[in-house]
Amino acid sequence: MERFAGIDWASEEHALCVVDEEGTSLVGEMFAHDECGIRDLIARMRRLRVARIAIERPDGLLVDRLAEAGFTVLPVHPNKLKATRSRYEAAGGKSDGFDAFVLAELARTDAHRLRVLRPDSDETKALRALTRTREDLVAARVRLANELRAQLEAFWPGAARIFADVDSPIGLAFCERYPSPADARGLGEKRMRGFLARNRYPGRRSPAELLDRLRSAPEGRGGALEVEARRAAVLGLVVALRPIVTQIRELTSQIAGAVRAHDAGEIFLPLFKDPKSVVTAAQLVAELGDDRARYPSSEALAADAGMAPVARESGKRKVAGFRWACDKRLRGAVACLADSTRHHHPWARQVYSRARSRGLAHPHAIRVLGRAWLRVLWRCWQDGAPYDSSKHGNLRQLELVGG
């Protein structure tokens, strides 16, 4: 008799439920999230000869250990678990043990609707770790840069506007050297020229132009205590931002090397004109993974990437809505691809322009272009063949008519 398990994972302990072929609950136990607990969990399921395991996540330490132990793992989307609870609990109750039972039932009754997890290669996992860490650091950088800009706008607006980006190396250096108007009281062209030379300023603006930017900004009128407090806040934010900016740069270099060494890297790298876009190519490789069966069609890929709308029908009413439930990181990579290629790729430019001419807003037009690109990329990914513009039928047709 086959047996099926559901695991409701958590940071400190995991709930396990095992059911038989008739749905009778055989085991309901908790296991600590430590080495001993994970070993006991795996041993318990082996003794019960569990055939399939459903769990509410597709990756992580526990999932890796289950796959390594030889179990068939079925990742379940949180929305699917949420929708299934009402099948067994009309009152809307919820607990870790109950969720484990619902997951076990999904493994028993809905396995044909769930994707079997196939672990990615070590190279893909390494690339995914790099790209996701960089993405998280970029988000932290943006948040801190916004805080720094807000502080400067409150009492020292010129420092926020003198350079294009307040979190650029030269912008941070300026805020560190001149964190308040009082610190820049004696700043003239000669001192500005020396400051720019010491910090290897790569821009084309002269010291006079930069000083004009600084002095033309509104003047703050804060009290002495407030200005001193904001000065300290500016210095603190600079200290917090500096290592993040450095680590992003180092991770970008590592990612560039890793994606070029990856077998699938050559599929996506030809799509990008700007060498800096190597990060987006790496994100596509990392988020798609190695399992070609994960997306049986380009439509399935477009749905998971958030490029396809959600259709809602009721009687004569039909509505296409924004797809919230998707792989957010994959959606970001595809959107970046679409936004990048619309500037230099003739076919992408045409698809985007037509979408805009129909009255679609920029984000919607980007999703339309992203979905069109995914039809092309899915084929390349399935065949393991690099993108070749000479084989892109729509592009060739556009060139023939002089587009």
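Give the residue, chosen from Ala107, Ala67, Ala100, Ala83, that is outside the structural domain of Arg161 (by TED's automatic domain parsing), in contact with a strand residue (DSSP E or B) (Cβ under 7 Å, 6 or more places away or on another chain) and closer than 29 Å to Gly332 by Cβ.
The match here is Ala67.
In region 296-317, which residues are free of Cβ contacts under 8 Å to residues at least 12 places away in the same chain and either of a type in the set (Ser, Thr, Tyr) or in contact with a strand residue (DSSP E or B) (Cβ under 7 Å, 6 or more places away or on another chain) (or both)?
Ala311, Arg312, Ser314
Among the residues of region 1-24, which ones are surrounded by 14 or more Cβ atoms within 10 Å (Cβ to Cβ) and assigned to a loop (DSSP other than H, G, I, E, B)?
Trp9, Asp20, listed by residue number.
Any chance region 306-324 includes a residue that's of a type in the set (D, E, K, R) and modelled with pLDDT of 90 or more?
There is no residue in region 306-324 that is of a type in the set (D, E, K, R) and modelled with pLDDT of 90 or more.
So if I check each of Arg85, Arg39, Arg57, which one is modelled with pLDDT of 95 or more and of a type in the set (D, E, K, R)?
Step by step, each of Arg85, Arg39, Arg57 is checked, and only Arg39 is modelled with pLDDT of 95 or more and of a type in the set (D, E, K, R).
Residue under question is Phe174, and the condition is that it be in contact with an Asp or Glu (Cβ under 7 Å, 6 or more places away or on another chain) and free of Cβ contacts under 8 Å to residues at least 60 places away in the same chain; does it hold?
So Phe174 fails the test.
Hey, any hits in region 333-354 for a residue that's more than 21 Å from Glu287 (Cβ to Cβ), in a loop (DSSP other than H, G, I, E, B) and not aliphatic (A, V, I, L, M)?
Yes: one or more hits.
Listed here are the residues, each with its yes/no results for (1) surrounded by fewer than 19 Cβ atoms within 10 Å (Cβ to Cβ); (2) touching a residue at least 60 places away in the same chain (Cβ under 8 Å); (3) more than 32 Å from the chain's Cα centre (by Cα); (4) within 16 Å of Phe4 (Cα to Cα).
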| residue | (1), (2), (3), (4) |
| --- | --- |
| Leu26 | yes, no, yes, yes |
| Glu29 | yes, no, yes, yes |
| Val50 | no, no, yes, yes |
| Ile55 | no, no, no, yes |
| Pro75 | yes, no, no, yes |
| Glu89 | yes, no, yes, no |
| Lys94 | yes, no, no, no |
| Glu105 | no, yes, no, yes |
| Asp110 | yes, no, no, yes |
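Restricting attention to region 306-322, and to residues there that are out of contact with any Gly (no Cβ under 7 Å at 6 or more places or on another chain) and assigned to a loop (DSSP other than H, G, I, E, B), which single residue is surrounded by the most Cβ atoms within 10 Å (Cβ to Cβ)?
So, considering only residues that are out of contact with any Gly (no Cβ under 7 Å at 6 or more places or on another chain) and assigned to a loop (DSSP other than H, G, I, E, B), the one surrounded by the most Cβ atoms within 10 Å (Cβ to Cβ) is Gly306.
Run down Ala233, Ala208, Ala184 and say which single residue is within 36 Å of the chain's Cα centre (by Cα), on the phi < 0 side of the Ramachandran plot, not charged (D, E, K, R) and not assigned by TED's automatic domain parsing to the domain that holds Ala282.
Just one listed residue meets the conditions, Ala233.
Before we move on, is Glu219 over 25 Å from Asp136 (Cβ atoms), exposed (fewer than 15 other Cβ atoms within 10 Å of the Cβ), over 31 Å from the mean Cα position of the chain (by Cα) and touching a residue at least 24 places away in the same chain (Cβ under 8 Å)?
yes
I'd like the full set of residues that are touching a Phe, Trp or Tyr at 6+ places or on another chain (Cβ under 8 Å) and within 30 Å of Val227 (Cα to Cα), limited to region 106-160.
The one that is touching a Phe, Trp or Tyr at 6+ places or on another chain (Cβ under 8 Å) and within 30 Å of Val227 (Cα to Cα): Ala159.
Here is a yes/no grid of residues against (1) out of contact with any helix residue (DSSP H, G or I) (no Cβ under 8 Å at 6 or more places or on another chain); (2) among the acidic types (Asp, Glu); (3) closer than 21 Å to Ile366 by Cα:
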site	(1), (2), (3)
Ala256	no, no, no
Asp263	no, yes, no
Leu271	no, no, yes
Asp290	no, yes, no
Leu301	no, no, yes
Ala305	no, no, yes
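Looking at region 127-150, which of its residues are farther than 19 Å from Leu251 by Cα and surrounded by 22 or more Cβ atoms within 10 Å (Cβ to Cβ)?
If the condition is that a residue be farther than 19 Å from Leu251 by Cα and surrounded by 22 or more Cβ atoms within 10 Å (Cβ to Cβ), then Leu148 is the only one that fits.
With the condition kept exactly as written, say whether any residue in region 236-255 is farther than 30 Å from Lys276 by Cα, assigned to a helix (DSSP H, G or I) and of a type outside the set (A, V, I, L, M, F, W, C).
Scanning region 236-255 turns up no residue that is farther than 30 Å from Lys276 by Cα, assigned to a helix (DSSP H, G or I) and of a type outside the set (A, V, I, L, M, F, W, C).
For region 285-304, indicate whether the set of residues that are surrounded by fewer than 21 Cβ atoms within 10 Å (Cβ to Cβ), within 22 Å of Ala372 (Cβ to Cβ) and aliphatic (A, V, I, L, M) is non-empty.
yes
Taking helices (runs of 4 or more DSSP H) that fall entirely within region 52-170, which contain at least 2 residues that are of a type in the set (Ser, Thr, Tyr)?
78-88, 122-155
I need the full set of residues from region 112-122 which are of a type in the set (Asp, Glu) and either over 19 Å from Gly70 (Cα atoms) or touching a residue at least 12 places away in the same chain (Cβ under 8 Å) (or both), in order please.
Asp120
The values are calculated or read from the model by the stated rules, or taken from the named source; none is laboratory data. What you are looking at is a predicted structure, and each value in this text was computed from that prediction instead of being measured. All Cβ positions, glycine included, derive from the backbone under ideal geometry; neighbour counts span all protein chains shown.
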